[in-house]
Each structure stands twice: as C-alpha cells, then as structure tokens.
1. May I ask you to say which residue of Ser118, Ser101 is assigned to a loop (DSSP other than H, G, I, E, B) and of a type outside the set (Asp, Glu)?
2. Please work out which one of (1) buried (at least 16 other Cβ atoms within 10 Å of the Cβ); (2) in a helix (DSSP H, G or I) is the condition Thr62 fails and give its number.
3. What tally of residues in the range 137-146 results from selecting those that are among the β-branched types (Val, Ile, Thr) and either in contact with a Leu (Cβ under 7 Å, 6 or more places away or on another chain) or assigned to a loop (DSSP other than H, G, I, E, B) (or both)?
4. If you go through the range 106-153, how many residues are at positive phi and in contact with a Cys (Cβ under 6 Å, 6 or more places away or on another chain)?
5. Which of the residues spanning the range 49-80 are of a type in the set (Ser, Thr, Tyr) and over 13 Å from Pro33 (Cβ atoms)?
6. Just to verify a result, which residue in the range 75-89, among those that are among the small types (Gly, Ala, Ser) and either loosely packed, with under 15 Cβ neighbours inside 10 Å or under 12 Å from Gly140 (Cα atoms) (or both), is farthest from the chain's Cα centre (by Cα)?
7. Considering every residue within the range 81-93, establish whether at least one is among the acidic types (Asp, Glu), touching a residue at least 12 places away in the same chain (Cβ under 8 Å), over 19 Å from Gly36 (Cα atoms) and in contact with a strand residue (DSSP E or B) (Cβ under 8 Å, 6 or more places away or on another chain).
8. Go through the range 114-137 residue by residue and tally those that are surrounded by fewer than 16 Cβ atoms within 10 Å (Cβ to Cβ) and of a type in the set (Ser, Thr, Tyr).
Amino acid sequence: MTIARISLCLFLISFKLHAHTNGHGARLEGLGPNGGHLSSVVLAKDADLGEKAKTQAIAEWTLKKKKIVKFQIWDETRKIALKVKGPAEIKWIVIAANTPSKAEVFKMAVNDLESDLSFAFTPELIANASSIEVILPNVGQIAEKCVFTMPLK
C-alpha cells in the first residue's frame, strides 16, 4: 500500500469519527421551549450523512448536576411534543472524549413516552465524554429508528 493510500484511509477514518461525534442533521441555534440545548433528530439509516441528513424532529436536552441527562422531542416548529410509542427500548451511547471509538451503551425500556425522559450517569462518565448519542425506536408518526446526538464538549 502506498503512502498516499494510507494517508487517504487515515483521513477518511478521522473524518468519519469527527462527523459522527459532532452530531447528525442540521445544526440548530438557540434554545428549546424549556431553555435546553437543541439537536436534530434524524432517521438512524441517514445518520452517516452528517449535517446533510434530513431533520425529522428536534430534541431538546439538558444536563443537570453534571450527571442527569434529560430530553424532550419536539416537532420542527418546537411547539408540539412528540411521543415515543412503547413498549420500546431507548439506547444511550456515551462516546469517550479521548477515544471516540470507545463507547459505553446503556439501554432503557420505556412504555409510551409523552413527556421528557431522564437518565442518570456517573459524573465521571459524563466528565470524560465528548457526546451522548440517543437511539429512539420511533418518534411521533415516524415508525423507523431515529437518532440524535448531544455534544458535551
């Protein structure tokens, strides 16, 4: 393998990791209806498109006491809260800051989720994380898996 090919492979790998940890869908400015940070919710199958993935909904999230993550899903107008239909499983993937390829996965079973959802992590885990990715089984009328990222750094 030539040095040019090796360099290209390393560039593509680093680009994929950078795009993955920076979120999916369009970057959203401002705060949510409850004063939280905003992230685009996209179809899981489109997650690798990065900022080009179509926003399906909006996640509003907050971090309390450096360990409790709370989120609410809104429609694109940020006026109607969307439901996650259950019973279902939500996955929380905590991505390490120093080694993005290392991640810890947490699973949570939920029934119909109409309001916000909280999950408590250890403060040490959050302190060493660059982001948390959340995989939802569905959102509102969308029956497919959806995903959003909460950048912490």
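The values are calculated or read from the model by the stated rules, or taken from the named source; none is laboratory data. Keep in mind the model is a prediction, meaning the values are calculated, not measured. FYI the Cβ positions are ideal-geometry reconstructions off the backbone, even for glycines, and counts take in every protein chain you see.
1. Just one listed residue meets the conditions, Ser101.
2. (2)
3. 1
4. Matching residues across the range 106-153 total 0.
5. Answer for the range 49-80, where residues must be of a type in the set (Ser, Thr, Tyr) and over 13 Å from Pro33 (Cβ atoms): just Thr55.
6. Gly86
7. Yes.
8. 3
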